[in-house]
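Some notes on the structure that comes next.
The values are calculated or read from the model by the stated rules, or taken from the named source; none is laboratory data. A quick note: this is a predicted structure, and the numbers were derived from the prediction, not measured. Here Cβ is always computed from backbone atoms with ideal geometry, including for glycine, and neighbour counts include all displayed protein chains. Quick note on the areas: whole protein, heavy atoms, side chains included, nothing else; ligands and nucleic acids left out. Shrake-Rupley method; radii C 1.70, N 1.55, O 1.52, S 1.80 Å.
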Amino acid sequence: MRGVRPRASASTLEPPIASASAPIHILAADHLRDRFGPPPQLAVVLGSGLGFLIERLAQPVQVPHAELGLPAPTIAGHAGVHAVGLLGGQRVLLVSGRCHLYEGHPADTVVAGVRAMARWGVRTLVLTNAAGSCRPDWLPGTLVRLTDHINMTGCNPLVGPNLDELGPRFPDMSRAYDPELGAQIDSHAQQLGVALQRGVYAAMRGPSYETAAEVRMLGRMGADLVGMSTVPEVIAAVHAGLRVAAFSVVSNLGTGLAAEAADHADVTRVVAAASEPLGRLIERLAAQG
Ligand code: HPA
(Lines give C-alpha, C1' and ligand atoms only; values in the text may rest on other atoms or scores of the structure.)
Protein backbone atom coordinates (compact mmCIF):
# COMPACT_ATOMS: atom_id res chain seq x y z
CA MET A 1 0.00 0.00 0.00
CA ARG A 2 1.22 3.49 -0.76
CA GLY A 3 1.66 5.67 2.31
CA VAL A 4 0.54 9.22 2.99
CA ARG A 5 3.20 11.48 1.61
CA PRO A 6 5.10 13.65 4.06
CA ARG A 7 5.06 17.42 3.71
CA ALA A 8 8.36 19.25 3.57
CA SER A 9 8.75 21.90 6.22
CA ALA A 10 11.70 24.06 7.14
CA SER A 11 11.66 22.72 10.69
CA THR A 12 11.85 19.03 9.73
CA LEU A 13 14.59 19.38 7.13
CA GLU A 14 18.28 18.92 7.74
CA PRO A 15 20.32 22.01 8.64
CA PRO A 16 22.31 23.52 5.75
CA ILE A 17 25.50 21.73 4.80
CA ALA A 18 28.01 24.45 3.93
CA SER A 19 30.16 22.39 1.59
CA ALA A 20 30.97 23.07 -2.03
CA SER A 21 30.46 19.36 -2.77
CA ALA A 22 26.86 19.34 -1.44
CA PRO A 23 24.12 18.75 -4.04
CA ILE A 24 23.09 21.86 -5.97
CA HIS A 25 19.69 22.09 -4.30
CA ILE A 26 21.17 22.19 -0.80
CA LEU A 27 23.53 25.03 -1.68
CA ALA A 28 20.76 26.82 -3.58
CA ALA A 29 18.41 26.57 -0.57
CA ASP A 30 21.08 28.25 1.54
CA HIS A 31 21.43 30.99 -1.07
CA LEU A 32 17.64 31.48 -1.21
CA ARG A 33 17.57 31.96 2.56
CA ASP A 34 20.57 34.31 2.50
CA ARG A 35 19.30 36.47 -0.37
CA PHE A 36 15.53 36.52 0.33
CA GLY A 37 15.11 35.74 4.05
CA PRO A 38 12.17 33.62 5.24
CA PRO A 39 10.40 31.53 2.58
CA PRO A 40 7.13 32.65 0.99
CA GLN A 41 4.31 30.09 0.99
CA LEU A 42 3.84 30.18 -2.78
CA ALA A 43 6.24 29.86 -5.70
CA VAL A 44 5.34 30.20 -9.37
CA VAL A 45 7.53 28.98 -12.24
CA LEU A 46 6.85 31.08 -15.32
CA GLY A 47 7.11 29.35 -18.70
CA SER A 48 7.83 30.78 -22.17
CA GLY A 49 6.11 34.13 -22.65
CA LEU A 50 4.89 34.35 -19.03
CA GLY A 51 7.84 36.23 -17.55
CA PHE A 52 5.85 39.49 -17.63
CA LEU A 53 4.27 38.56 -14.28
CA ILE A 54 7.50 39.64 -12.59
CA GLU A 55 6.63 43.23 -13.55
CA ARG A 56 3.47 42.90 -11.43
CA LEU A 57 5.47 42.21 -8.25
CA ALA A 58 5.51 44.98 -5.64
CA GLN A 59 8.81 45.56 -3.79
CA PRO A 60 10.65 42.99 -5.93
CA VAL A 61 14.06 41.59 -5.07
CA GLN A 62 15.58 39.79 -8.07
CA VAL A 63 18.48 37.37 -8.10
CA PRO A 64 19.80 35.67 -11.27
CA HIS A 65 19.73 31.86 -11.16
CA ALA A 66 23.52 31.75 -11.45
CA GLU A 67 23.92 33.69 -8.17
CA LEU A 68 21.87 30.99 -6.44
CA GLY A 69 24.09 28.27 -7.89
CA LEU A 70 21.31 27.15 -10.26
CA PRO A 71 21.81 26.59 -14.00
CA ALA A 72 20.78 29.49 -16.21
CA PRO A 73 18.41 28.74 -19.09
CA THR A 74 19.91 29.06 -22.54
CA ILE A 75 16.94 29.86 -24.80
CA ALA A 76 15.04 32.98 -25.91
CA GLY A 77 12.10 33.98 -23.72
CA HIS A 78 13.72 32.76 -20.48
CA ALA A 79 15.35 35.50 -18.40
CA GLY A 80 16.68 33.23 -15.67
CA VAL A 81 15.80 35.12 -12.53
CA HIS A 82 14.30 34.37 -9.10
CA ALA A 83 12.20 37.26 -7.78
CA VAL A 84 10.52 37.66 -4.40
CA GLY A 85 7.93 40.38 -3.87
CA LEU A 86 4.27 41.03 -3.20
CA LEU A 87 1.61 39.70 -5.53
CA GLY A 88 -2.01 40.17 -4.49
CA GLY A 89 -0.59 41.61 -1.24
CA GLN A 90 1.20 38.35 -0.34
CA ARG A 91 4.89 37.48 -0.52
CA VAL A 92 5.62 35.06 -3.40
CA LEU A 93 8.60 33.67 -5.28
CA LEU A 94 8.43 33.98 -9.07
CA VAL A 95 10.92 31.98 -11.11
CA SER A 96 11.32 33.23 -14.65
CA GLY A 97 13.19 30.86 -16.91
CA ARG A 98 13.62 27.17 -16.24
CA CYS A 99 16.08 24.73 -17.70
CA HIS A 100 14.96 21.74 -19.71
CA LEU A 101 16.08 18.18 -20.33
CA TYR A 102 16.63 19.01 -24.00
CA GLU A 103 19.37 21.48 -23.06
CA GLY A 104 21.38 18.46 -21.97
CA HIS A 105 20.93 18.85 -18.22
CA PRO A 106 20.47 15.70 -16.17
CA ALA A 107 17.01 15.41 -14.62
CA ASP A 108 18.25 16.19 -11.10
CA THR A 109 19.75 19.47 -12.36
CA VAL A 110 16.45 20.38 -14.04
CA VAL A 111 14.64 19.99 -10.69
CA ALA A 112 17.32 21.49 -8.43
CA GLY A 113 15.43 24.78 -8.13
CA VAL A 114 12.22 23.00 -7.09
CA ARG A 115 14.08 20.97 -4.49
CA ALA A 116 15.82 24.10 -3.23
CA MET A 117 12.52 25.92 -2.73
CA ALA A 118 11.04 22.90 -0.90
CA ARG A 119 14.07 22.77 1.38
CA TRP A 120 13.83 26.53 1.94
CA GLY A 121 10.23 26.07 3.16
CA VAL A 122 7.95 26.95 0.21
CA ARG A 123 4.68 24.94 0.53
CA THR A 124 2.83 25.43 -2.76
CA LEU A 125 4.23 25.38 -6.29
CA VAL A 126 2.43 26.61 -9.40
CA LEU A 127 4.07 25.62 -12.68
CA THR A 128 3.20 27.22 -16.01
CA ASN A 129 4.18 26.38 -19.55
CA ALA A 130 3.40 26.87 -23.21
CA ALA A 131 2.17 23.68 -24.82
CA GLY A 132 0.99 22.23 -28.08
CA SER A 133 -2.59 21.02 -28.26
CA CYS A 134 -3.34 17.39 -29.13
CA ARG A 135 -6.97 18.33 -29.75
CA PRO A 136 -8.20 20.23 -32.78
CA ASP A 137 -10.78 22.05 -30.61
CA TRP A 138 -8.20 23.63 -28.24
CA LEU A 139 -6.81 26.51 -30.26
CA PRO A 140 -3.81 28.74 -29.47
CA GLY A 141 -4.63 30.92 -26.47
CA THR A 142 -6.63 28.21 -24.64
CA LEU A 143 -5.81 28.20 -20.93
CA VAL A 144 -5.72 24.78 -19.29
CA ARG A 145 -5.31 23.61 -15.69
CA LEU A 146 -3.42 20.31 -15.64
CA THR A 147 -5.13 17.45 -13.83
CA ASP A 148 -2.58 14.74 -14.67
CA HIS A 149 0.41 13.96 -16.86
CA ILE A 150 2.03 11.29 -19.01
CA ASN A 151 5.81 11.17 -18.69
CA MET A 152 7.22 10.40 -22.14
CA THR A 153 10.66 11.94 -21.49
CA GLY A 154 12.37 8.65 -20.70
CA CYS A 155 13.74 10.32 -17.55
CA ASN A 156 12.65 10.55 -13.96
CA PRO A 157 14.38 12.97 -11.57
CA LEU A 158 14.02 10.49 -8.70
CA VAL A 159 16.26 7.85 -10.33
CA GLY A 160 19.32 7.23 -8.15
CA PRO A 161 19.72 7.16 -4.39
CA ASN A 162 16.57 8.50 -2.73
CA LEU A 163 16.88 11.90 -1.05
CA ASP A 164 15.30 10.67 2.18
CA GLU A 165 15.34 14.13 3.75
CA LEU A 166 13.02 15.34 0.99
CA GLY A 167 10.61 12.45 0.49
CA PRO A 168 9.94 8.72 0.10
CA ARG A 169 11.50 6.25 -2.35
CA PHE A 170 8.21 5.53 -4.11
CA PRO A 171 6.09 8.67 -3.98
CA ASP A 172 2.38 8.43 -4.73
CA MET A 173 1.37 10.21 -7.95
CA SER A 174 -2.40 9.67 -7.70
CA ARG A 175 -2.89 13.24 -6.41
CA ALA A 176 0.14 14.86 -8.04
CA TYR A 177 -1.95 17.89 -9.09
CA ASP A 178 -3.55 18.73 -5.77
CA PRO A 179 -7.31 18.26 -6.26
CA GLU A 180 -8.33 20.70 -3.49
CA LEU A 181 -6.05 23.41 -4.85
CA GLY A 182 -7.42 22.64 -8.33
CA ALA A 183 -10.99 23.11 -7.10
CA GLN A 184 -10.03 26.48 -5.55
CA ILE A 185 -8.46 27.54 -8.85
CA ASP A 186 -11.59 26.51 -10.78
CA SER A 187 -13.71 28.57 -8.43
CA HIS A 188 -11.41 31.63 -8.75
CA ALA A 189 -11.53 31.25 -12.54
CA GLN A 190 -15.31 31.20 -12.48
CA GLN A 191 -15.46 34.31 -10.26
CA LEU A 192 -12.99 36.16 -12.50
CA GLY A 193 -14.74 35.10 -15.70
CA VAL A 194 -11.56 33.36 -16.92
CA ALA A 195 -12.20 30.47 -19.33
CA LEU A 196 -10.24 27.52 -17.95
CA GLN A 197 -10.11 23.98 -19.36
CA ARG A 198 -8.83 20.91 -17.52
CA GLY A 199 -6.47 18.52 -19.27
CA VAL A 200 -3.67 15.95 -19.29
CA TYR A 201 -0.14 17.02 -20.29
CA ALA A 202 2.29 14.68 -22.05
CA ALA A 203 5.95 15.58 -21.55
CA MET A 204 8.41 14.83 -24.34
CA ARG A 205 12.16 15.26 -24.03
CA GLY A 206 12.44 17.35 -27.23
CA PRO A 207 13.99 19.47 -28.57
CA SER A 208 12.47 18.46 -31.90
CA TYR A 209 8.74 18.99 -32.06
CA GLU A 210 6.62 15.86 -32.41
CA THR A 211 5.81 14.17 -35.67
CA ALA A 212 2.16 14.06 -36.72
CA ALA A 213 2.08 10.36 -35.82
CA GLU A 214 3.38 11.14 -32.33
CA VAL A 215 0.71 13.77 -31.75
CA ARG A 216 -1.97 11.29 -32.90
CA MET A 217 -0.52 8.68 -30.56
CA LEU A 218 -0.45 11.07 -27.60
CA GLY A 219 -4.06 12.06 -28.22
CA ARG A 220 -5.16 8.42 -28.30
CA MET A 221 -3.19 7.74 -25.11
CA GLY A 222 -5.24 10.36 -23.30
CA ALA A 223 -3.06 13.47 -23.59
CA ASP A 224 -4.70 16.82 -24.34
CA LEU A 225 -1.44 18.78 -24.42
CA VAL A 226 2.18 18.17 -25.31
CA GLY A 227 5.26 20.03 -24.11
CA MET A 228 8.89 19.70 -23.04
CA SER A 229 8.85 20.80 -19.42
CA THR A 230 6.90 20.72 -16.14
CA VAL A 231 6.68 16.96 -15.55
CA PRO A 232 10.16 16.49 -14.01
CA GLU A 233 9.42 19.47 -11.75
CA VAL A 234 6.02 18.07 -10.75
CA ILE A 235 7.55 14.70 -9.87
CA ALA A 236 10.30 16.31 -7.77
CA ALA A 237 7.83 18.68 -6.10
CA VAL A 238 5.40 15.90 -5.18
CA HIS A 239 8.32 13.83 -3.87
CA ALA A 240 9.35 16.77 -1.67
CA GLY A 241 5.81 17.19 -0.32
CA LEU A 242 4.90 20.39 -2.14
CA ARG A 243 1.30 21.11 -3.08
CA VAL A 244 1.27 21.42 -6.88
CA ALA A 245 -0.88 23.14 -9.47
CA ALA A 246 0.06 23.60 -13.13
CA PHE A 247 -1.23 25.50 -16.14
CA SER A 248 -0.59 25.32 -19.86
CA VAL A 249 -1.31 28.05 -22.33
CA VAL A 250 -1.85 26.49 -25.75
CA SER A 251 0.62 28.14 -28.09
CA ASN A 252 0.01 26.00 -31.16
CA LEU A 253 -1.90 23.03 -32.47
CA GLY A 254 0.21 19.88 -32.33
CA THR A 255 1.95 18.76 -35.50
CA GLY A 256 -0.50 17.44 -38.05
CA LEU A 257 -3.45 19.33 -36.57
CA ALA A 258 -2.57 22.63 -38.24
CA ALA A 259 -1.37 23.70 -41.66
CA GLU A 260 1.82 25.41 -40.36
CA ALA A 261 4.70 24.03 -38.27
CA ALA A 262 5.39 25.32 -34.73
CA ASP A 263 8.12 27.92 -34.28
CA HIS A 264 9.65 29.12 -30.98
CA ALA A 265 9.15 32.85 -31.73
CA ASP A 266 5.44 32.24 -32.44
CA VAL A 267 5.14 30.22 -29.26
CA THR A 268 6.52 33.06 -27.14
CA ARG A 269 4.33 35.71 -28.83
CA VAL A 270 1.03 33.82 -28.74
CA VAL A 271 1.54 32.82 -25.13
CA ALA A 272 2.41 36.34 -24.00
CA ALA A 273 -0.83 37.62 -25.57
CA ALA A 274 -2.95 34.87 -24.01
CA SER A 275 -1.41 35.06 -20.57
CA GLU A 276 -3.18 38.09 -19.11
CA PRO A 277 -6.06 35.99 -17.67
CA LEU A 278 -3.55 33.49 -16.25
CA GLY A 279 -1.78 36.40 -14.54
CA ARG A 280 -5.07 37.50 -12.94
CA LEU A 281 -5.75 33.95 -11.79
CA ILE A 282 -2.30 33.58 -10.22
CA GLU A 283 -2.68 36.96 -8.52
CA ARG A 284 -6.00 35.80 -7.00
CA LEU A 285 -4.39 32.54 -5.89
CA ALA A 286 -1.54 34.45 -4.24
CA ALA A 287 -3.97 36.81 -2.52
CA GLN A 288 -5.77 33.95 -0.82
CA GLY A 289 -2.51 33.32 1.12
N1 HPA B 1 5.26 20.34 -28.75
C2 HPA B 1 6.14 20.28 -27.73
N3 HPA B 1 6.40 21.33 -26.95
C4 HPA B 1 5.76 22.47 -27.19
C5 HPA B 1 4.85 22.60 -28.25
C6 HPA B 1 4.58 21.48 -29.06
O7 HPA B 1 3.78 21.50 -30.02
N8 HPA B 1 4.39 23.88 -28.21
C9 HPA B 1 5.01 24.48 -27.16
N10 HPA B 1 5.85 23.65 -26.55
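Within the stretch 203-211, does at least one residue satisfy the condition of being in a helix (DSSP H, G or I), at pLDDT 95 or above, within 16 Å of the ligand (Cβ to nearest atom) and at negative phi? Give the derivation first.
Pass one, the stretch 203-211, residues in a helix (DSSP H, G or I): none.
The answer is no, given that none of the residues of the stretch 203-211 is in a helix (DSSP H, G or I), at pLDDT 95 or above, within 16 Å of the ligand (Cβ to nearest atom) and at negative phi.
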| the stretch 133-153 residues that are closer than 19 Å to Tyr177 by Cβ, paired with ones that are modelled with pLDDT of 95 or more and charged (D, E, K, R) (beta carbon under 6 Å, 6 or more apart) | Cys134/Asp224; Arg135/Asp224; Arg145/Arg198; Thr147/Arg198; Thr153/Arg205
| task | Determine if the stretch 270-278 includes at least one residue that is within 21 Å of Tyr102 (Cβ to Cβ) and either touching a residue at least 24 places away in the same chain (Cβ under 8 Å) or open to solvent by 60 Å² or more (accessible area, probe 1.4 Å) (or both). | result | yes
| message | Being open to solvent by 20 Å² or more (accessible area, probe 1.4 Å), within 16 Å of Gln90 (Cα to Cα) and touching a helix residue (DSSP H, G or I) at 6+ places or on another chain (Cβ under 9 Å) is the filter here; which residues of the stretch 43-75 pass it? | response | Arg56, Pro60, Val61
| message | Any residue at all in the stretch 93-112 that's modelled with pLDDT of 95 or more and part of a loop (DSSP other than H, G, I, E, B)? | response | yes
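Only residues that are open to solvent by less than 30 Å² (accessible area, probe 1.4 Å) and either modelled with pLDDT under 95 or small (Gly, Ala, Ser) (or both): list them for the stretch 182-193, please. Talk me through it step by step, then tell me what you get.
First, the residues of the stretch 182-193 that are open to solvent by less than 30 Å² (accessible area, probe 1.4 Å): 182, 185, 188-189.
Within the stretch 182-193, Gly182, Ala189 meet the criteria.
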| Subset of the stretch 1-35 [open to solvent by less than 20 Å² (accessible area, probe 1.4 Å) and at pLDDT 50 or above] | Ala22, His25, Ile26, Ala28, Ala29, Leu32
| Per-region count, the stretch 143-159, residues open to solvent by less than 40 Å² (accessible area, probe 1.4 Å) and either at pLDDT below 95 or among the hydrophobic types (A, V, I, L, M, F, W, C) (or both) | 6
| task | Would you check if Leu163 is open to solvent by 20 Å² or more (accessible area, probe 1.4 Å) and away from the ligand (no atom under 16 Å from the Cβ)? | result | yes
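Can you pull out the residues in the stretch 135-146 that are under 11 Å from Ser248 (Cβ atoms) and in a loop (DSSP other than H, G, I, E, B)?
Step one: list which residues in the stretch 135-146 are under 11 Å from Ser248 (Cβ atoms), which gives 138, 142-146.
Of everything in the stretch 135-146, those that are under 11 Å from Ser248 (Cβ atoms) and in a loop (DSSP other than H, G, I, E, B) turn out to be Trp138, Thr142.
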| request: Consider only pairs whose beta carbons are under 8 Å apart and that are at least six residues apart or on different chains; among these, list those whose first residue lies in the stretch 34-48 and is closer than 14 Å to Ala83 by Cα and whose second residue is exposed (fewer than 15 other Cβ atoms within 10 Å of the Cβ) and of a type in the set (Val, Ile, Thr). | output: Arg35/Val61; Phe36/Val61
